[in-house]
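The values are calculated or read from the model by the stated rules, or taken from the named source; none is laboratory data. Since the model is a prediction, treat every value here as computed from it, not as a measurement. Here the Cβ positions follow ideal geometry from the backbone for every residue, glycine too, while neighbour counts run over all protein chains shown. Only protein heavy atoms, including side chains, enter the accessible area calculation; ligands, DNA and RNA are left aside. Shrake-Rupley method; radii C 1.70, N 1.55, O 1.52, S 1.80 Å.
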Amino acid sequence: MKKIVVKIGSSIIAPSGKLDARLVERLVSDIIVTEKSGHKIILVSSGAIACGAHKVGVSKKPHDAHSLMALASIGQIILMDAYSDAFRKYDRVCAQILLTWDDFDNRKRFLNARATIQKLLSMNIIPVINENDAVSSDEIKFGDNDRLSALVADLVGADTAIILSDVEGLMDKGKVVTCVPKVSSKIFSLVNAKQNAFTSGGMYTKLQAANTATNSGANVIIASGNQENIITRLASGVVIGTTFLAAKNVQKARKRWIAFSKKTKGKIYIDDGAKEAILHKGRSLLGVGIIKIEGEFKKKDAVEVRDKEGTIIGCGLVNYTCEELRNGQGKKFEKEIIHRDNFAKKDECQ
Ligand code: GLU
């Protein structure tokens, strides 16, 4: 059995603002067939804001956060109605899960979300996930479901994440790149962002998502959702769109959680000796290596670790508050500032 996260973008589910109920039916039928071949599907679906806007006659995406939040809350129910109706035709039940970035930031809620999704899968119920846009203005401003789908892929330990939108894949000189062994800066330089009135992401956010999900051990496929049986065909190994290969050396789940899910609250600048120790010798960060502290943070918050030139070298969970660190600079600390198990190097972060 393989776990597959399928992300459905607003550009296909509501191409002109209005929900395409036939497309939902087609995708649901595709999911049912894919499941029959032994896979478990977790859906991440956009479209709430577009559906909400269409319902109340708003034709252009508003700029203010509260209008977007209100539209999302109007549209989410329309979206779930469509999924629920489509699954009912196969006598199947789906469940709604609305997540915010905070749910990934907080370890307990992160584990709760994971347990709920696992439980639903064990009950043969299809989880349908979206951002909880109605309560999280930041999410609408900065968030997009490409990133959410990558975090969900990590959360559930997916084998594959399929990102479906209206693009055929990553393009290079007018052709689809079929396979990307590693998401490098060269790959990012190919990006040609494309957005419609109600989508948040573009190819750039899809590449960021591919970077995160491949680093957590999943293959990622970016393909057009406007093709017949796209999910079944991809799940059976047909090459369509762009496949990003899962990283070979996947770091431990806890380090991934720090790298992908935690929002950093402050910055710690360190000297060359400490940089060498934590980057190349697998040591913890000690107080003696700290040059400067910026920002406000509490114990166990995530902070950026930067070298003396200001280049970010990773992030980690800190054992002291910012005040304790500022007051203690130059003195000896009882504990390490960041334990090596709680530090993730930059190239492991997104
Ligand atoms: N959560 C948003 C919605 O449901 C979509 C964000 C995105 O397009 O990535 O409308």
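Results, tabulated for the structure shown:
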item: Convex hull volume per residue for the stretch 279-333, taking Cα atoms only, in Å³; result: 84 Å³
item: Anchor Lys263: aspartates and glutamates whose Cα lies under 14 Å away (excluding residues fewer than 8 positions away in-chain); result: Asp102, Asp103, Asp105, Asp138, Glu139, Glu296, Asp301, Glu304
item: Nitroxide proxy distance, nm - points 7 Å out along Cα→Cβ at Lys173 and Asp85; result: 4.8 nm
item: Percent carbon-and-sulfur accessible area, the chain, ignoring ligands, DNA and RNA, probe 1.4 Å; result: 50 percent
item: Taking all pairs of distinct alpha-carbon atoms in the chain, Kirkwood radius in angstrom; result: 21.2 Å
item: Cross-link partners of Lys308 among aspartates and glutamates (Cα-Cα below 14 Å; sequence separation of 8 or more within a chain); result: Asp271, Asp272, Glu276, Glu294
item: Sequence-separation-based contact order of the stretch 286-326, relative, with Cα cut under 8 Å and 6+ spacing, percent; result: 41 percent
item: Sequence of Ile32, Ile78 from largest to smallest accessible area, 1.4 Å probe; result: Ile78, Ile32
item: The stretch 103-187: GluC sites (Glu not before Pro) in DSSP loop, at most 16 other beta carbons within 10 Å; result: Glu168
item: Subset of Lys267/Lys331; Lys206/Lys252; Lys262/Lys346; Lys255/Lys300; Lys7/Lys186 violating a 21 Å alpha-carbon distance limit; result: Lys206/Lys252; Lys7/Lys186
item: Percent RCO, i.e. relative contact order, over the stretch 67-138, from Cα pairs under 8 Å lying at least 6 residues apart; result: 46 percent
item: Solvent exposure of the chain as accessible area per residue, Å², 1.4 Å probe; result: 47 Å²
item: For Ile337, residues with placed amide H under 5 Å, excluding near neighbours; result: Leu285, Leu286, Gly287
item: Difference of contour (0.36 nm per residue) and Cα-Cα distance, Asn124 to Lys299; result: 59.0 nm
item: Computed accessible area, Cys51, all protein chains, 1.4 angstrom probe, square angstrom; result: 10 Å²
item: Percentage relative contact order, the chain, counting C-alpha pairs under 8 Å, at least six apart; result: 16 percent
item: Sequence-distant residues sharing a close amide H with Ala95 (under 5 Å, placed H); result: Ile126, Val128
item: Share antiparallel - DSSP beta bridges, the chain, percent rounded to 5; result: 35 percent
item: Largest to smallest accessible area among Phe104, Phe188 [probe 1.4 Å]; result: Phe188, Phe104
item: 3J(HN,Hα) from dihedral phi, the stretch 277-290, Karplus parametrisation 6.51/-1.76/1.60, rounded to Hz, x for glycine, proline; result: 5, 7, 7, 10, 10, x, 8, 7, 8, 9, x, 5, x, 7
item: Residue-by-residue Karplus 3J(HN,Hα) for the stretch 109-125, coefficients 6.51, -1.76, 1.60, Hz, glycine and proline x; result: 5, 4, 5, 5, 4, 4, 5, 5, 5, 4, 4, 4, 4, 5, 8, 6, 10
item: Range in the chain, longest, excluding exposed trypsin sites (Lys or Arg not before Pro) [loop by DSSP; at most 11 other beta-carbon atoms within 10 Å]; result: 90-172
